[in-house]
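Q: Shown below is the structure under consideration.
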Amino acid sequence: MKLPIFTGSAVAIVTPFSKGGVDLTALERLLDFQLQNGTDAVVVCGTTGESSTMSYRERMRTIEFCVEYVAGRVPVIAGSGSNSTENAVILSRDAQRSGADALLVVTPYYNKATQAGLIRHYTTLADAVSCPVILYNVPSRTGVNISPETCARLAEHRNILGIKEASGDLGAVQRIRRLCPPDFYIWSGNDDETVPICALGGKGVISVAANVVPAQMHRLVELCLQNDFAAAGELQIALKPLCDALFCEVNPIPVKTALNLMGWEAGPLRLPLCQPSEEHLQLIQTTLAEYGLIPES
């Protein structure tokens, strides 16, 4: 039986940039913040980490640094997806060589593969590595949805561990749970769906909000895993305005802006992402102040 690589809250950590590239000193501080506040795993070079604008060398160095600095205290999961299966295999093999404990692999974007194509893509990739692979279903960004039936086919592979579900379709989550074996694990890919997905058998969340409130996201899943869904529901509702503010523009624009406002020196966004509008900047500032994360202006 396959075991989950983590249960709880995994941070989809931002990548701090400077003029010279990735700011590893700032990343070290962000990792300390996460580890000191109960984060259960670190996802590096994912969507929130702006991996699509990073060079191959930057991605591998960032993964290597994260693995070295975390030093086994929690699992490190590397984003290694691409819309080219060949490139995804290369990224995945090299991320594994860099010491990643598992891989998070988004569906191929733009190509719009069929379900048969998705099965072949993920099977080819999983055959090429020996570490666990987590599927990442986020059709709002990629234009492709992994069906529950496809999950059931892929769950048969020894290296395919589960799915980060960010489709927003709780009915699909139920079908995945019904069709797939118990050792095919589900993690929420949307912060504000953490409790309902855990209630349907999910093992936690791969979280954007954990960048700014790691302790609260860890506690949210902890309550779910203790079957205290009444308290978990209250906390989920309490965090909802913050989650909404962190998605007022496309991720990771708001969360990186929030971290900079909090003094974490997360650095600039890389084009084509840019600073939020003045209206959304004010919303982010106001919300952070309401949660006591920055002083009220």
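The values are calculated or read from the model by the stated rules, or taken from the named source; none is laboratory data. All values derive from a computational prediction rather than experimental measurement. Virtual Cβ from ideal backbone geometry, glycine too; neighbours counted across all protein chains shown. For accessibility, only protein heavy atoms count, side chains too; no ligands or nucleic acids. Shrake-Rupley method; radii C 1.70, N 1.55, O 1.52, S 1.80 Å.
Q: Please count how many residues of the stretch 265-281 are surrounded by 14 or more Cβ atoms within 10 Å (Cβ to Cβ) and over 18 Å from C45 (Cβ atoms).
A: Number of matching residues: 5.
Q: Taking interchain pairs and intrachain pairs at least six residues apart, which have beta carbon atoms under 9 angstrom, with the first residue in the stretch 218-229 and touching a residue at least 60 places away in the same chain (Cβ under 8 Å) and the second in a helix (DSSP H, G or I) and not hydrophobic (A, V, I, L, M, F, W, C)?
A: As it stands, the answer is L220/D191; L220/T194; L220/Q236; V221/T194, since those pairs meet every condition given.
Q: So T53 clears everything in (1) buried (at least 17 other Cβ atoms within 10 Å of the Cβ); (2) under 17 Å from the mean Cα position of the chain (by Cα) except one condition, right? Which one?
A: Status for T53: all satisfied but (1).
Every residue, every condition in (1) out of contact with any Ser or Thr (no Cβ under 6 Å at 6 or more places or on another chain); (2) surrounded by fewer than 16 Cβ atoms within 10 Å (Cβ to Cβ); (3) under 28 Å from V129 (Cβ atoms); (4) not hydrophobic (A, V, I, L, M, F, W, C), yes or no:
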{"site": "L161", "(1), (2), (3), (4)": "yes, no, yes, no"}
{"site": "G171", "(1), (2), (3), (4)": "yes, yes, no, yes"}
{"site": "S188", "(1), (2), (3), (4)": "no, no, yes, yes"}
{"site": "D191", "(1), (2), (3), (4)": "no, no, no, yes"}
{"site": "S207", "(1), (2), (3), (4)": "no, no, yes, yes"}
{"site": "A215", "(1), (2), (3), (4)": "yes, yes, no, no"}
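Q: Oh, and also: Which residue out of I197, I284 is over 25 Å from V173 (Cα atoms), without any contact (Cβ under 8 Å) to a residue 60 or more places away in the chain, part of a helix (DSSP H, G or I) and open to solvent by less than 40 Å² (accessible area, probe 1.4 Å)?
A: Just a single option satisfies the conditions, and that option is I284.
Q: Still on this structure, I have one more. So is G202 within 15 Å of A41 (Cβ to Cβ) and not acidic (D, E) or not?
A: yes
Q: Would a scan of the stretch 152-159 turn up a residue that is in contact with a Pro (Cβ under 7 Å, 6 or more places away or on another chain), open to solvent by less than 10 Å² (accessible area, probe 1.4 Å), farther than 14 Å from I197 by Cβ and not in a loop (DSSP other than H, G, I, E, B)?
A: Within the stretch 152-159 (the criterion being in contact with a Pro (Cβ under 7 Å, 6 or more places away or on another chain), open to solvent by less than 10 Å² (accessible area, probe 1.4 Å), farther than 14 Å from I197 by Cβ and not in a loop (DSSP other than H, G, I, E, B)), the answer is no, since none of the residues qualifies.
Q: Within the stretch 70-98, can you find the residues that are out of contact with any Phe, Trp or Tyr (no Cβ under 6 Å at 6 or more places or on another chain), part of a loop (DSSP other than H, G, I, E, B) and open to solvent by 30 Å² or more (accessible area, probe 1.4 Å)?
A: A71, G72, R73, S84, listed by residue number.
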